[in-house]
1. Of everything in the range A:79-104 that's of a type in the set (Ser, Thr, Tyr) and not in a strand (DSSP E or B), which residue is farthest from A:Glu5 (Cα to Cα)?
2. Against the condition part of a strand (DSSP E or B) and either within 14 Å of chain A (Cβ to nearest Cβ) or out of contact with any helix residue (DSSP H, G or I) (no Cβ under 9 Å at 6 or more places or on another chain) (or both), how does B:Leu90 come out, does it pass?
3. Give me a count of the residues in the range A:72-107 that are under 14 Å from A:Tyr35 (Cβ atoms), in contact (Cβ under 8 Å) with a residue 60 or more places away in the chain and within 14 Å of chain B (Cβ to nearest Cβ).
4. Provide a single number: the residues in the range B:45-74 that are surrounded by fewer than 18 Cβ atoms within 10 Å (Cβ to Cβ), polar (S, T, N, Q) and at the interface with chain A (Cβ under 10 Å from one of its Cβ atoms).
5. I'd like the residue in the range A:21-33 that is surrounded by fewer than 21 Cβ atoms within 10 Å (Cβ to Cβ) and part of a strand (DSSP E or B) and, out of all such residues, is modelled with the lowest pLDDT.
6. Take the residues in the range B:1-25 that are among the charged types (D, E, K, R) and touching a residue at least 40 places away in the same chain (Cβ under 8 Å); name whichever of them is farthest from the other protein chains (Cβ to nearest Cβ).
7. Which residues, taken from the range B:1-44, are at pLDDT 95 or above, loosely packed, with under 15 Cβ neighbours inside 10 Å and of a type in the set (A, V, I, L, M, F, W, C)?
8. Looking at the range A:1-20, which of its residues are closer than 18 Å to A:Gln96 by Cβ and outside any strand (DSSP E or B)?
Amino acid sequence: GEDVEQSLFLSVREGDSSVINCTYTDSSSTYLYWYKQEPGAGLQLLTYIFSNMDMKQDQRLTVLLNKKDKHLSLRIADTQTGDSAIYFCAEVSYNQGGKLIFGQGTELSVKP
Amino acid sequence: KAGVTQTPRYLIKTRGQQVTLSCSPISGHRSVSWYQQTPGQGLQFLFEYFSETQRNKGNFPGRFSGRQFSNSRSEMNVSTLELGDSALYLCASSTALAGDYNEQFFGPGTRLTVL
């Protein structure tokens, strides 16, 4: 079935760039999303990319999509301690009726 | 506009009991989805309701059920609770019709602990 995979942990220093990677399997995905979850909270949509795009930039966030390799990445420039959270990538699986399939989440730890 | 609200925020039950969780979507949103989040399994899709009909379902046993009311509010029910049902249950609402851009707005979740 459809699967989304991410590495589980990433640790960076404040001010550095963070890159969180994700691979997905459903080639029918039209939209791919990045969500952020802070401790004790629900998920917040950070950004998304449409499948006919290679890159999308939104302030400190850059999303890169390699559709051939089914690889998605989220780059956070000038990472701050407030960026510490769990980041989930997700794809819309049309093979499964349009539901969102989430990766396991990458826990980003930002050290001062 | 008020966000997605979930009640209760925390719940403690014992094995064998049943539980009902409630979700109120953002006004105007007709789609409500439920997810179970656990450290081991991550975020898993339970089901989605749209206009009072279950439109999609994940791979969970029949002990997990849900419904949606005419005002789009949704409830999920878990019967005969097991220890493994301890999780954060997240509800998300959306305006999306099937196949469209599907931005889901999440509530803060209900933390269920089964003893």
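1. Step one: of the range A:79-104, the residues of a type in the set (Ser, Thr, Tyr) are A:79, A:81, A:84, A:87, A:93-94.
Next, from what is left, pick out any that are not in a strand (DSSP E or B): A:79, A:81, A:84, A:94.
On the way: A:Thr79: 23, A:Thr81: 25, A:Ser84: 20, A:Tyr94: 18 Å.
That would be A:Thr81.
2. Values: part of a strand (DSSP E or B): yes; either within 14 Å of chain A (Cβ to nearest Cβ) or out of contact with any helix residue (DSSP H, G or I) (no Cβ under 9 Å at 6 or more places or on another chain) (or both): yes.
Considered against the rule, which asks whether it is part of a strand (DSSP E or B) and either within 14 Å of chain A (Cβ to nearest Cβ) or out of contact with any helix residue (DSSP H, G or I) (no Cβ under 9 Å at 6 or more places or on another chain) (or both), B:Leu90 comes out as yes.
3. Within the range A:72-107, the first condition is being under 14 Å from A:Tyr35 (Cβ atoms), and the residues that meet it are A:72, A:74, A:76, A:83, A:85-92, A:100-107.
If we keep only those that are in contact (Cβ under 8 Å) with a residue 60 or more places away in the chain as well, we get A:83, A:87-92, A:100-107.
Add one more test, that the residue is within 14 Å of chain B (Cβ to nearest Cβ), and what stays is A:87-92, A:100-107.
Selection size over the range A:72-107: 14.
4. Of the residues in that region, 1 qualify.
5. Taking the range A:21-33 and keeping what is surrounded by fewer than 21 Cβ atoms within 10 Å (Cβ to Cβ), we get A:21, A:23, A:25-28, A:30-31.
Among the residues that remain, those that are also part of a strand (DSSP E or B) are: A:21, A:23, A:31.
On the way: A:Asn21: 96, A:Thr23: 94, A:Tyr31: 85.
Per the stated criteria, the residue is A:Tyr31.
6. Residues of the range B:1-25 that are among the charged types (D, E, K, R), as a first pass: B:1, B:9, B:13, B:15.
Right, trim to touching a residue at least 40 places away in the same chain (Cβ under 8 Å) and you get B:9, B:13, B:15.
On the way: B:Arg9: 9, B:Lys13: 20, B:Arg15: 25 Å.
Here the residue is B:Arg15.
7. Of everything in the range B:1-44, just one residue is at pLDDT 95 or above, loosely packed, with under 15 Cβ neighbours inside 10 Å and of a type in the set (A, V, I, L, M, F, W, C), namely B:Ile12.
8. Applying the first criterion (closer than 18 Å to A:Gln96 by Cβ) to the range A:1-20 yields A:1-5.
If the condition is that a residue be closer than 18 Å to A:Gln96 by Cβ and outside any strand (DSSP E or B), then A:Gly1, A:Glu2, A:Asp3 are the ones that fit.
The values are calculated or read from the model by the stated rules, or taken from the named source; none is laboratory data. Not measured: the values here are computed from a predicted model. All Cβ positions, glycine included, derive from the backbone under ideal geometry; neighbour counts span all protein chains shown.
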